[in-house]
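Remarks on the structure that follows.
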Amino acid sequence: MQQTAPERKMSTPKPEIPEIQQTETEPQLRDLCSFSAGNRTFAVFADEVEGTTELKRPARLPNAPPAVLGVVCVRGRMLTTLDPSALLGNETNWPDELPCVISLRGDEQLALAADSVRETITIASTDIEPFDDQQSDRPQKLIVGIARHGGEELTILNAAGLFSAAFQRTERRRRRF
């Protein structure tokens, strides 16, 4: 008898969600890069930020999801630029030249559009309130948590889940000849 190899299904790796460790004796300190986009203040963990730049004009991509503003070149890298407000369901009317771009580390080569880059702040991990995402159609957890600093509420984004959140509803179609 001839044996056949078992059928293998391909799967995409799930991005890691940063864990917020909360110990009673000594809370872990985290650096956050804060920025504003639309009418919200966002933050990403500083160790996930490659750098920031100002006044970049994104090359628009045809048939891109609403959260994808286009591609910009930052320090010789082509980065897909995302609108953080659109990832959460709110669209922002961006000018032709983005005021600020925050380039992120990682294989996805992503950047976030921002109206302004604010300060890098250090907070205790216990000051981050976990965000309970009740929307089951999202493949990953997009928001790590909420922090309050200087009277403002910071929405902390999960950099590992940005790509899948931006492209979650995009259906790729094959070209037929």
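A short reminder: the numbers here are calculations on the coordinates, not readings from a lab. Computed from a predicted structure; not experimentally measured. Heads up, the Cβs are rebuilt from the backbone with ideal geometry, glycines too, and the neighbour counts pull from every protein chain shown.
Summary table
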| item | result |
| --- | --- |
| Gain in span if fully extended, residue 75 to residue 105, counting 0.36 nm per residue against the direct Cα distance | 9.5 nm |
| Residue-wise HN-Hα coupling along segment 56-61, computed from phi with Karplus coefficients 6.51, -1.76, 1.60 (Hz; x: Gly, Pro) | 10, 9, x, 7, 5, 10 |
| Ascending count of other beta-carbon atoms within 10 Å, so fewest first, for 120, 53 | 120, 53 |
